[in-house]
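All of the numbers you see were taken from the coordinates with simple rules; none came from a lab. Computed from a predicted structure; not experimentally measured. Don't worry about glycine lacking a Cβ; one is built from the backbone with ideal geometry, like all the others, and counts go over all protein chains shown.
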Amino acid sequence: MNRDSSFTANNYLALLLIALSVLLTACQQNTNLVKPSAPENIKIASDTFANPLFRNGADPWMHYFNGNYYLTTTTWTSELVMRKSPTIEGLASAPAHNIWTGDQADRCCNFWAFEFFPLQRPEGLRWYVIYTAGVAENFDGQRNHILESAGSDPMGPYQYKGTPMKDHWNIDGSYFEHDDGLYFLWSEWHGDDQVNLISKMTNPWTLEGERSVITRPTYDWEKSGLNVNEGPEIIKHNERTFIVHSASFCNTEDYKLAVVELTGDDPLKVESWTKYDKPFFSKGNGVYGPGHHGFFSSPDGSEEWLIYHGNSSPTDGCSGTRAARAQPFTWNEDTGLPNFGEPAADKKQINVPSGESGPLTAQVEGVKYRIVDRQSSLCLLTDLQGNTITGACESDNSEWVIDPANDGYYRLVNHSGNFLTEQACLAEQGGAVVSQPWQANTCQRWSIDASNNGWVRFANEQSIRNLQVNNCASQENSVVTGENKIHACTDWRLEPVSTFAMINALSGKVISVEGCSSEVNANINQHAFTNSACQKWQATPTNNGYYQFKSLNSGYCLAVQNVNEGKVEIAGNIAQDDCQKPESEWRFELLKNGALRMVSRIHGLSLKVAGQSIDNNDNIIQEVWKDTIYQQFYFRVAN
């Protein structure tokens, strides 16, 4: 070989080093050059789902908000329930959280068509639920009613605010924000026609001035079965505003979606709305009666989605067979009108909404907790690099939201919207724990298991290794995962930092001081949330993971009443009493469904709604734990 015309081994080595250097520089300059994805065996959900999304899911309404999907559907009962899940597929098995229960004869029963909206108010972001309810004597007499949340959590608690129209039958309420004004849309009967109307509002539960009909059934395709326009919903795109509503009778296979557009200046004038002469979404692909819909955005905001109900048979009509279904939609470039396409066939695989699998950060809603190490009394923190350590509990980054994943696991979300993650959960040995954006994998989910007294242990879903202080140090140190040491350094307690309401899982009502009394030994019962101080509680730790729960109204604490020394009251009454008494100490245990049980220290018995009812003023007692829904509670932020 001619040495002058050939590369030597050293030449090749030099070129290889240069290439590696260029590649390393490029990776440092653009961390998205290669986007890693989670291995298939640790993903918590597939990349696709299929309709029906939720069986018996008539009149669905959904939002994706701060890291979770929230879904409501008609119940036909006296309970308004909401489901939440970090994945769209998970909504099918998510527990039904009762966020409101009918408690008065004129608005108690046969609930329909829940919708919930985030509106900015002087107090901050509040959610407003609009629902239709009938009267006790015949479950008819439907009216729209409005609830207001105590804070920014769609799960509530909610306070009843009123009905916009008490004097006549009206259903399917919705909001429309336009030119700094708030408007109410709804449907009612005018003679043989069910029509859609609009009115301006002075606040989210009070109408102001004229009530105008803006759509009525005029085309033959709106008159199948009965002449019906209902379920008006607003959607906006490129500075254009549309109402999408349902047309024809829901008991027929011809229920469908129609569109009108705001083309004038005054939305209260019928001439300001232009109606399109063809339906925009009709039966097809084996789906019948698609309608009563809503809109939501994908987690990353890049897609718009339609949620609606439909039947799998042309003869099912307005029954419990109507299932919630979801699919993305687009906009026609030439006309600027929505293109809903056709209903997706049952079992057809649809890509999940964009961004669901992350990476994303989210200020997940819920009560904030400190996670306190048993051995050192220091708190779980994250530093600027995302590493987890123990440190002073007064630190700004010591607060976590414990977000239930509905299948026995929880997500732990810190102040920056990142999620507690075992970095090497696939490795044989434990190691570093960090906070990272959500990537929908099992390395980011944890079981929270009772230890002894009020202490808990965290086990990673994937590795089953326990969260613990490195080397069991009793001073500030890193936090890692390892085998269960049956030792204080694997024990933690959850300290609620937020002011909260305690909501019963059966009734949706909150633990309240009877009559809002400030007297010692005042009785404790359940009552609909009214945003009163006597329904709000703060937790103070004592020792061994136990807490006092102090009323904001009186300063007294939740306590077992009339304790006789040496005698266990199997159905002991609960009252408010001196916080320093041993009867005033409780621990709470998180359950696999995301609820919790409250356990008294003095007897080890569990809090319970005595009459097992949804009624106001049903008494609160302690009793032997039987794992019943009337012994299960939720903490919800109630500032």
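log₁₀ I(q)/I(0) of the range 347-434 at q = 0.12 Å⁻¹, via Debye over equal Cα point scatterers, no solvent, to two decimals?
Debye curve over Cα of the range 347-434, log10 I(q)/I(0) at q = 0.12 Å⁻¹: -0.45.
What FRET efficiency, computed as 1/(1 + (r/R0)^6) with R0 = 60 Å and r the Cβ-Cβ distance, is obtained for Glu271 and Ser93, rounded to the nearest 0.05?
Using R0 = 60 Å, I get an efficiency of 0.80.
Over 50 Å, how big is the tail of the calculated P(r) for the chain, in percent of all Cα pairs?
Value for the chain: 19 percent of Cα pairs lie more than 50 Å apart.
Could you compute how fast the range 459-547 diffuses translationally, taking Rh as the Kirkwood radius over C-alpha pairs and applying Stokes-Einstein at 10 °C with viscosity 1.306 mPa s? Give it in µm² per second.
97 µm²/s
Kirkwood hydrodynamic radius (Cα pairs, Å) of the range 271-381?
By the Kirkwood definition, the hydrodynamic radius is 17.7 Å.
For the range 181-281, which GluC sites (Glu not before Pro) are both in a DSSP coil and crowded by at most 15 other Cβ atoms within 10 Å?
Sites meeting the loop and neighbour criteria: Glu239.
How do Phe49, Phe280 line up, fewest other C-beta atoms within 10 Å first?
Neighbour counts put them in this order, fewest first: Phe280, Phe49.
So for the range 500-637, considering every pair of alpha-carbon atoms, how many percent are separated by more than 26 Å?
Result for the distance tail: 11 percent.
Starting from the amide H of Ile214, placed 1.01 Å from N in the peptide plane, find each other amide H under 5 Å away whose residue is 5 or more places distant or on another chain.
Asn196, Leu197, Ile198
So how many Å³ per residue does the convex hull of the Cα atoms of the range 48-185 work out to?
In the range 48-185, the Cα hull volume divided by residue count equals 121 Å³.
So if the hydrodynamic radius of the range 197-265 is defined as the Kirkwood radius over C-alpha pairs, what does Stokes-Einstein give as its diffusion coefficient at 4 °C and 1.567 mPa s, in µm² per second?
Using the Kirkwood radius from Cα pairs, D works out to 97 µm²/s.
Size of the range 48-351 along its principal axes in angstrom, Cα-based, largest extent first?
Per principal axis, max minus min of the Cα coordinates gives 45, 43, 40 Å.
Go through the range 576-593 residue by residue and turn each phi into a ³J(HN,Hα) via Karplus (6.51, -1.76, 1.60, θ = phi - 60°); whole Hz please, and just put x for glycine and proline.
9, 8, 3, 5, 7, 6, x, 5, 9, 10, 9, 10, 10, 10, 6, 9, 5, 8
Enter the per residue convex hull volume of the range 75-117, computed from alpha-carbon coordinates, in Å³ rounded to the nearest integer.
About 87 Å³ per residue, rounded to a whole number.
Show me the GluC sites (Glu not before Pro) within the range 380-437 that DSSP assigns to loop and that have at most 11 other Cβ atoms within 10 Å of their Cβ.
Listed in order of number, the matching sites are Glu394, Glu428.
Taking R0 as 41 Å, what's the FRET efficiency between Asn285 and Leu119 from their Cβ-Cβ distance, rounded to 0.05?
0.65
Residue-wise, which Karplus ³J(HN,Hα) couplings in Hz belong to the range 474-484, taking 6.51 cos²θ - 1.76 cosθ + 1.60, θ = phi - 60°, and x for glycine or proline?
Per-residue couplings from phi come out as 9, 10, 3, 7, 6, 10, 9, 10, x, 5, 5 Hz.
What is the set of long-range amide H partners of Ala610 at a cut-off below 5 Å, with H atoms built 1.01 Å from backbone N?
Here Asn619, Ile620, Ile621 satisfy the definition.
³J(HN,Hα) across the range 496-505 via Karplus (A = 6.51, B = -1.76, C = 1.60, θ = phi - 60°), whole Hz, x for Gly/Pro?
Karplus-based 3J(HN,Hα) across the range 496-505 equals x, 9, 6, 6, 9, 9, 9, 10, 6, 5 Hz.
Taking square-rooted eigenvalues a ≥ b ≥ c of the alpha carbon gyration tensor, is the range 271-316 rounded, prolate or oblate, where a/c under 1.5 means rounded and, failing that, a/b exceeding b/c means prolate?
In terms of gyration-tensor shape, oblate.
Cα atoms only, the range 174-316: Rg and Dmax in Å?
Calculated on Cα positions, Rg and Dmax stand at 15.4, 45 Å.
In debye to the nearest 20, how big a dipole does the chain give about its Cα centre with +1 on each Lys and Arg Cβ and -1 on each Asp and Glu Cβ?
In debye, rounded to 20, the chain gives about 1380.
Once amide H atoms are placed 1.01 Å from N in the peptide plane, what residues at a sequence separation of 5 or more from Thr542, or on another chain, have their amide H within under 5 Å of its amide H?
Excluding prolines and chain starts, which carry no amide H, the hits are Tyr547, Gln548.
Kindly provide the trypsin sites (Lys or Arg not before Pro) of the range 345-433 that DSSP labels as loop, not H, G, I, E or B, and whose Cβ sees at most 16 other Cβ atoms within 10 Å.
Counting only loop positions with at most 16 other Cβ atoms within 10 Å, the trypsin sites (Lys or Arg not before Pro) in the range 345-433 are Lys347, Lys348.
Kirkwood Rh, Cα Rg: Rg to Rh for the range 368-496?
Rg/Rh for the range 368-496 comes to 0.91.
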